[in-house]
Amino acid sequence: MSALSIDQILPVVEQELQSTQFIDIHTHLFMPSLGELGLWGIDELVTYHYLEAELFRSSSVKPDAYFAMTKREKADLIWRTLFVENAPVSEATRGVVAVLSALGLPTASDDLKVAREYFAAQTLEAHIGNVLKIAGLSEVVMTNDPLDPAEGPRWEAGVERHAKFHPVLRLDGMLNKWALNWKAIAAKGYKVDEGCSDAAVAEARRFLSDWAKRMKPVYAAVSLPDTFQFPEDSIRGRLIAGAVLPMCREFDIPMSLMIGVRYLVNPALKLAGDAVGKADLQALERMAVSYPDNRFLVSLLSRENQHELCVYARKFANLMLFGCWWFLNQPSVVEEMTRERLEMLGTTFIPQHSDARVLEQVIYKWRNTRRTLAPILANTFKLLAEDGRPVSREDIHRDVTRLFRTNFERWTGLGGAA
Ligand code: HDL
Ligand code: ZN
């Protein structure tokens, strides 16, 4: 394997990032057979909840008035306010510009007429293929909540699978909203009760096993508040210990814990109303040490939790860090997080996921990831070369593949990876 000169390392890193097809391990995208749950096109891009939050800072419109508008009215207002009357310099607004540019559409129009005509002319299957190709993705991982009344019945009726979309058994409806949802589980023939007795926990496990057989998820997942504690003599604590983790072991799938959300701090903003809080990671420590036969994917929402999460990943090989989640997914924070992860964990983590809710967002989210990470990865390899170990293109290819594919494939068994 020929050693690269210091000056060759950055261009080779950029080439390997560009030529490697990534797996997007957490999105809110849906395979075509799940119908209108799947969001795509300019009106969905422009009314993304990140942009709705930014609208209210630049417009006199009040949330109630805004949410009473039609989708097109909302998009026209956001476009005018954030893209015409102001320069779209935030991460989320610039992302829409990057998508329009990548699709050869005007990026500085006064209205959305041309973009709407373009998307209206697309057929979804071909458009999905084109978008994933531009984004450099071989496949994406979905978020599928069996207790979502808009989605659960579709899976129960039977849905056509899609090779580029992998399901995830999302458990917020069960773990965070038992009081709201236990009757829906009971209505399906599972003998559960409001207080979630031991018998109910066993039935909840049967419910999860039945869904794991139906959905064949690559992992199970839940988002958790900043106040999350474990173990905990609560409905959530008992369901995690008695139903979720045993099901994950039974089906040999990881459990994804996304911790640190402060839900609806501003309810008027609806999906845009959540904020962030620093979590007590001793809950994660106790879960990792108590369940050595469970594998965990972990993403934390607070920047202040990131360094200690790297320490915990060094202590527990059954923890796999992933992503710069939500309020962390901007270059200034991604750079800090990725550098400390490389320094403390080498390539034993998954640097990013898109969290895309609208199909075309993967274009900008992965363009930004490649652009931000290239100099960071190049610097990592330059330091290695300067410290006396020659670096080859093969090294860089293998490590980029590990970061953005192999780590996830091994963790989930995707593609038969051991
Ligand atoms: O719970 C989650 O999966 C979060 O990613 C939320 O969906 C959040 O609203 C979001 O879209 N973050 O990007
Ligand atoms: Zn998400």
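Please go through the stretch 18-73 and give me each residue that is among the small types (Gly, Ala, Ser) and within 16 Å of ligand 2 (Cβ to nearest atom), ordered by number.
Filtering the stretch 18-73 down to residues among the small types (Gly, Ala, Ser) leaves 19, 33, 35, 38, 41, 53, 58-60, 65, 68.
Result: GLY38, ALA53.
Just the residues that are within 23 Å of VAL89 (Cβ to Cβ) and either surrounded by fewer than 16 Cβ atoms within 10 Å (Cβ to Cβ) or free of Cβ contacts under 8 Å to residues at least 60 places away in the same chain (or both), please, taken from the stretch 42-62. Write out each step before concluding.
Restricting attention to the stretch 42-62, the residues satisfying the condition of being within 23 Å of VAL89 (Cβ to Cβ) are 42-61.
Answer for the stretch 42-62, where residues must be within 23 Å of VAL89 (Cβ to Cβ) and either surrounded by fewer than 16 Cβ atoms within 10 Å (Cβ to Cβ) or free of Cβ contacts under 8 Å to residues at least 60 places away in the same chain (or both): THR47, HIS49, LEU51, GLU54, LEU55, ARG57, SER58, SER59, SER60, VAL61.
Looking at ALA87, ALA65, ALA126, which is the one that is at pLDDT 95 or above, surrounded by fewer than 17 Cβ atoms within 10 Å (Cβ to Cβ) and part of a loop (DSSP other than H, G, I, E, B)? Walk me through it before giving the result.
Details: ALA65 fails: part of a loop (DSSP other than H, G, I, E, B); ALA126 fails: part of a loop (DSSP other than H, G, I, E, B).
None of the others qualify; the one that does is ALA87.
Return the total of residues in the stretch 166-195 being within 16 Å of ligand 1 (Cβ to nearest atom) and either part of a loop (DSSP other than H, G, I, E, B) or among the hydrophobic types (A, V, I, L, M, F, W, C) (or both). Steps first, please.
Within the stretch 166-195, the subset within 16 Å of ligand 1 (Cβ to nearest atom) is 166-177.
Filter once more, so that each one left must be either part of a loop (DSSP other than H, G, I, E, B) or among the hydrophobic types (A, V, I, L, M, F, W, C) (or both): 167-169, 171, 174-177.
Number satisfying all stated conditions: 8.
State the number of residues belonging to the stretch 244-267 that are in a strand (DSSP E or B), open to solvent by less than 60 Å² (accessible area, probe 1.4 Å) and either of a type outside the set (Ser, Thr, Tyr) or away from ligand 1 (no atom under 16 Å from the Cβ) (or both). If you could, list the steps in order and put the result at the bottom.
Within the stretch 244-267, the subset in a strand (DSSP E or B) is 255-262.
Add one more test, that the residue is open to solvent by less than 60 Å² (accessible area, probe 1.4 Å), and what stays is 255-261.
Add one more test, that the residue is either of a type outside the set (Ser, Thr, Tyr) or away from ligand 1 (no atom under 16 Å from the Cβ) (or both), and what stays is 255, 257-261.
The number of residues fulfilling the criteria is 6.
Can you give me the number of residues within the stretch 322-333 that are more than 14 Å from ligand 1 (Cβ to nearest atom) and in contact with a helix residue (DSSP H, G or I) (Cβ under 7 Å, 6 or more places away or on another chain)? Don't jump to the end; show me each part of the working.
Going through the stretch 322-333, the residues more than 14 Å from ligand 1 (Cβ to nearest atom) turn out to be 331-332.
Next cut, in contact with a helix residue (DSSP H, G or I) (Cβ under 7 Å, 6 or more places away or on another chain) only: 331.
Of the residues in that region, 1 qualify.
Scan the stretch 268-294 for residues that are within 16 Å of ligand 2 (Cβ to nearest atom) and either among the hydrophobic types (A, V, I, L, M, F, W, C) or open to solvent by 20 Å² or more (accessible area, probe 1.4 Å) (or both) and jot them down. Before you say what the answer is, go through the steps one by one.
Taking the stretch 268-294 as the starting set, the residues that turn out to be within 16 Å of ligand 2 (Cβ to nearest atom) are 270-276.
Scanning the stretch 268-294 gives LYS270, LEU271, ALA272, ASP274, ALA275, VAL276.
Given ARG389, ARG405, ARG398, which one is part of a loop (DSSP other than H, G, I, E, B), open to solvent by 20 Å² or more (accessible area, probe 1.4 Å) and of a type in the set (D, E, K, R)? Let's see the steps before the verdict.
Values: ARG405 fails: part of a loop (DSSP other than H, G, I, E, B); ARG398 fails: part of a loop (DSSP other than H, G, I, E, B).
Exactly one residue qualifies, and that residue is ARG389.
For the stretch 103-114, check the following and say yes or no: at least one residue is assigned to a helix (DSSP H, G or I), more than 22 Å from GLY35 (Cβ to Cβ) and more than 20 Å from the chain's Cα centre (by Cα). Reasoning before the result, please.
Step one: filter the stretch 103-114 for residues assigned to a helix (DSSP H, G or I), giving 113-114.
Then keep just the ones that are more than 22 Å from GLY35 (Cβ to Cβ); that gives 113-114.
Subset that is more than 20 Å from the chain's Cα centre (by Cα): 113-114.
For the stretch 103-114, residues assigned to a helix (DSSP H, G or I), more than 22 Å from GLY35 (Cβ to Cβ) and more than 20 Å from the chain's Cα centre (by Cα): present.
Consider HIS353 against the criteria (1) open to solvent by 30 Å² or more (accessible area, probe 1.4 Å); (2) within 16 Å of ligand 1 (Cβ to nearest atom); (3) of a type outside the set (Val, Ile, Thr): it satisfies all of them except one. Which criterion is unmet?
Condition (1) is where HIS353 drops out.
The values are calculated or read from the model by the stated rules, or taken from the named source; none is laboratory data. What you see is a predicted model; the values in this text were computed from it and never measured. We place every Cβ from the backbone using ideal geometry, glycine too, and count neighbours over all the protein chains shown. With ligands, DNA and RNA removed, areas are computed over all heavy atoms of the protein, side chains included. Shrake-Rupley method; radii C 1.70, N 1.55, O 1.52, S 1.80 Å.
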